[in-house]
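Report on the structure given below.
The values are calculated or read from the model by the stated rules, or taken from the named source; none is laboratory data. Everything numeric here is computed off the predicted structure, so don't read it as measured data. Every residue, glycine as well, gets a Cβ built from its backbone with ideal geometry; the counts of neighbours run over all protein chains shown. Just so you know, the surface numbers come from the protein's heavy atoms only, side chains and all, with ligands and any DNA or RNA stripped out. Shrake-Rupley method; radii C 1.70, N 1.55, O 1.52, S 1.80 Å.
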Amino acid sequence: MEKIRVTIWNEFRHEKTKENVKAIYPDGLHATIKAFLDKNEDLEVRLAALDDPDQGLPDDVLENTDVLLWWGHMAHGEVSDVLVEKIRQRVYSGKMGLIVLHSGHHSKVFKAVVGTTGNLSWGRDQKEVMWNLMPSHPIAAGIPDHFTLTTEELYCEPFYVPQPDALVFGSWFEDGFIFRSGLCYLRGAGKVFYFQPGHEFCRSFYNPYVQ
């Protein structure tokens with residue numbers, strides 16, 4: 001069986017500088033994601049980080065990646081514009097899918113590939129209820145009509161992104177705000193998914209439905 005080659009890219013900075021983040025994700029957010037993806041026999045998963053050589057994504061890694069997961073927050077500006085363009089071209093040519101997580105909405109990669117400022121409104125950590133708006137979509141397979149994250153960073157509308165090709169998940173937060181939290185885009189011959197949970201101070205990547 002030919003495996004799907006997945007690369008999880010993480011800034012991997014918060015986990016090195018903030019003890020409370022390290023306590024939640026001691027080996028990094030990306031390692032936690034890899035641990036549950038590794039349970040799928042049809043996936044071949046590798047890790048990449050900003051401070052790795054070639055910012056973790058040399059040409060040979062990109063050329064052997066079918067799906068790229070991206071988590072960034074505090075160092076968006078350090079990502080090479082040359083690297084961003086390589087990623088954009090690979091997505092647009094249909095050679096690689098892109099999944100952007102949480103604060104990756106402001107990453108150069110998301111903005112370049114989708115065509116957006118990525119701006120949104122945000123607030124304190126609080127309870128989030130995520131609703132399955134498109135249960136027939138493959139991404140929503142096995143997900144109930146809703147599930148609750150006890151603590152997650154508030155992201156709320158307006159979210160200044162283009163109209164998605166599919167809106168799979170939407171969220172309600174205890175302060176009364178709503179957010180389009182699972183959006184699909186078609187760009188060129190490629191597919192993009194933005195997924196909102198994953199604040200570094202929260203344990204969302206341990207939630208089985210997020211996984």
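What to note about this one:
- Counting the residues of segment 132-153 that are more than 19 Å from the chain's Cα centre (by Cα), loosely packed, with under 12 Cβ neighbours inside 10 Å and either among the aromatic types (Phe, Trp, Tyr) or under 17 Å from Leu167 (Cβ atoms) (or both) gives 2.
- Scoring Thr17 on the criteria (1) over 15 Å from Glu200 (Cβ atoms); (2) modelled with pLDDT under 95 leaves a single failure, condition (1).
- His105 being under 18 Å from Pro197 (Cβ atoms) and over 17 Å from the mean Cα position of the chain (by Cα): no
- Close pairs (6 angstrom Cβ cut-off, 6 or more residues apart or separate chains): farther than 16 Å from Asp66 by Cβ and touching a residue at least 60 places away in the same chain (Cβ under 8 Å) in segment 20-47, open to solvent by 80 Å² or more (accessible area, probe 1.4 Å) and outside any helix (DSSP H, G or I) anywhere: Ile24/Arg203; Phe36/Gln211
- In segment 168-205, the residues that are out of contact with any Ser or Thr (no Cβ under 9 Å at 6 or more places or on another chain) and surrounded by 15 or more Cβ atoms within 10 Å (Cβ to Cβ): Trp172, Phe173, Leu183, Cys184, Tyr185, Arg187, Lys191, Val192, Phe193
- Annotation note: Cβ proximity below 7 Å between a residue of segment 149-172 that is closer than 21 Å to Lys127 by Cβ and a residue that is of a type in the set (Asp, Glu) and open to solvent by 50 Å² or more (accessible area, probe 1.4 Å) (sequence gap 6+ or interchain) occurs for Thr151/Asp125; Glu152/Asp125; Glu153/Asp125; Leu154/Asp175.
- Close Cβ contacts (under 7 Å, 6 or more residues apart or on different chains) running from residues in segment 115-142 that are more than 15 Å from His102 (Cα to Cα) to residues that are among the aliphatic types (A, V, I, L, M) and part of a loop (DSSP other than H, G, I, E, B) comprise Thr116/Val161; Asn132/Ile143; Ala140/Met134.
- Taken over segment 1-27, the criterion of being open to solvent by less than 30 Å² (accessible area, probe 1.4 Å), among the hydrophobic types (A, V, I, L, M, F, W, C) and outside any strand (DSSP E or B) is satisfied by Val21, Ile24.
- Only one entry of Pro158, Pro208 meets the criterion of being open to solvent by 20 Å² or more (accessible area, probe 1.4 Å), under 26 Å from Ala35 (Cα atoms) and not basic (Lys, Arg), and that entry is Pro208.
- Val45 passes every criterion in (1) crowded, with 18+ Cβ neighbours inside 10 Å; (2) touching a Lys or Arg at 6+ places or on another chain (Cβ under 6 Å); (3) more than 20 Å from Pro208 (Cα to Cα) apart from (3).
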